[in-house]
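For reference, the structure is listed below as structure tokens.
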């Protein structure tokens, strides 16, 4: 199967000498739902910016569905839809005009563009706003407008840079549902996000980038298997004043007062309940903590930072 | 992209540009009409009646081609510089950068958009002038060619200015300190025959003089310079500016990091 995206030895040094990318390699299979994760300034947006032709690369190769962006840029772009991090449409133009104009840039005639715009504006709940100038939309609507605009030419690869930043929970969930549906229909999706819960819920494969280097590039499943600890959240019948000390299991209360218990791989859960029973604490429900990826991510980034500072000390 | 797709992309840019300047017509179409009407009344009627003939024509007839050309030059330039810079400023230029539109189509689309406004204003000013004087056309092809090429040239100039600009101040420097003086000193209101020899020589270095006189030749049949030299100069400048603009687009000057 062709890869939707292949990146080889990609480097980027900005004019001020800052090296944002230090020779990264990345591949995303066709049909994948892929997350590129990393802290601020790690190189996520630079990577995607180069793929989308918004940033000039210093060296390396980028191929979109096999089309080399150095030699077949137009073909590569035809397969690509982009939802940037910041609003980048003309605030004075009407919603419908923004979407159909974008289709026109891809050479799609107005009649066909109008039909496609209608389809995606309806799917994203913006059809009623089609004659509204973009500046009058709410933040969530503007985000959805950028998704409609990116899809109007039916790209095979959709790239989203922080698509749900600043969006309320309800809208975020509905955007997840929409993106999952797009992915099921065959669109390859790559996203960057600060909400690791988002990556954990949506993505099959993940790359973690920091200081311009890929730290890990694997499946979410394989990544999560590396976790030696799993956190369970227990809702108790009566509220607890403080986290009880359980023999061999670190505990704490979360912001809502639920009891969080850390269980190491291989440890049975039975002992947790025996300990709780002994203290007269009755559990009414239990769930695993959703942001397991966050724990792993923080650990990797911290390890990388420690290694980097060691290298600096060594050089000094 | 197929030729048909390229044409669709080109016409999309042009339609978008035309939609922009017609949406804000009170800022784009009305002011030059008002200004030029005042020129016709004050310079043409009131002062012109005391000046008498110039170049063998009454003063009003003499200044009409220059004023039309002045309106075309400033409007063609202003349309592209303000539109493209505001796209940069709002980052909506990224809509074009991520799309497969080739650079030459982007440039052609913006230049055509600028020409649409420049030539539209030229037509409005010409129609207004008919309320003050009668115009006859001496050489239609020369008149049309000169005004079209001049409009294209200044639209290209506006594009380069917008590429280089980093703040809004930068898009008004050239029109205020370069275009306006060169236009006023480019023989709009007088024939350079009136100037002393030295200043005649200096005037010959002003490219706008050639454009105004080329257009005046098309309408009145009189010119301070050879109209074919004017056309040649405009073509040379168009080639030069188009080359520079395309190079800047290719390198992403001011629009790609």
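Any read-out appearing in this document is the output of simple, stated calculations on the displayed coordinates, not a laboratory observation. Keep in mind that what you see is a predicted model, and the values were worked out from it rather than measured. All Cβ positions, even for glycine, are placed from backbone atoms using ideal geometry, and neighbour counts span all protein chains on display.
Couple of notes before you dig in:
- Of all residues in the stretch A:68-86, those being more than 8 Å from every other protein chain (Cβ to nearest Cβ) and either in contact (Cβ under 8 Å) with a residue 60 or more places away in the chain or in contact with a helix residue (DSSP H, G or I) (Cβ under 9 Å, 6 or more places away or on another chain) (or both) number 7.
- Any hit, the stretch A:105-117, residues being in contact (Cβ under 8 Å) with a residue 40 or more places away in the chain and within 8 Å of chain B (Cβ to nearest Cβ): yes
- Residue within the stretch A:47-61 that is farther than 22 Å from residue B:253 by Cα and either free of Cβ contacts under 8 Å to residues at least 12 places away in the same chain or buried (at least 20 other Cβ atoms within 10 Å of the Cβ) (or both) present: no
- Matching residues in the stretch B:57-75 - criterion: being without any contact (Cβ under 8 Å) to a residue 60 or more places away in the chain and either closer than 15 Å to residue B:130 by Cβ or surrounded by 23 or more Cβ atoms within 10 Å (Cβ to Cβ) (or both): B:71, B:75
- Count of residues meeting criterion [more than 14 Å from chain A (Cβ to nearest Cβ), farther than 15 Å from residue B:125 by Cα and buried (at least 19 other Cβ atoms within 10 Å of the Cβ)] in the stretch B:14-53: 1
- Exactly one residue out of A:102, A:91 is within 13 Å of chain B (Cβ to nearest Cβ) and closer than 29 Å to residue A:3 by Cβ: that is A:102.
- All positions within the stretch A:159-172 that are touching a strand residue (DSSP E or B) at 6+ places or on another chain (Cβ under 8 Å) and more than 12 Å from every other protein chain (Cβ to nearest Cβ): A:160, A:162, A:163
- Test: residue in the stretch A:21-38 that is within 14 Å of another protein chain (Cβ to nearest Cβ), more than 18 Å from the chain's Cα centre (by Cα) and surrounded by fewer than 21 Cβ atoms within 10 Å (Cβ to Cβ): no
- Residues in the stretch A:39-64 that are touching a strand residue (DSSP E or B) at 6+ places or on another chain (Cβ under 6 Å), more than 11 Å from every other protein chain (Cβ to nearest Cβ) and assigned to a helix (DSSP H, G or I): A:44 alone.
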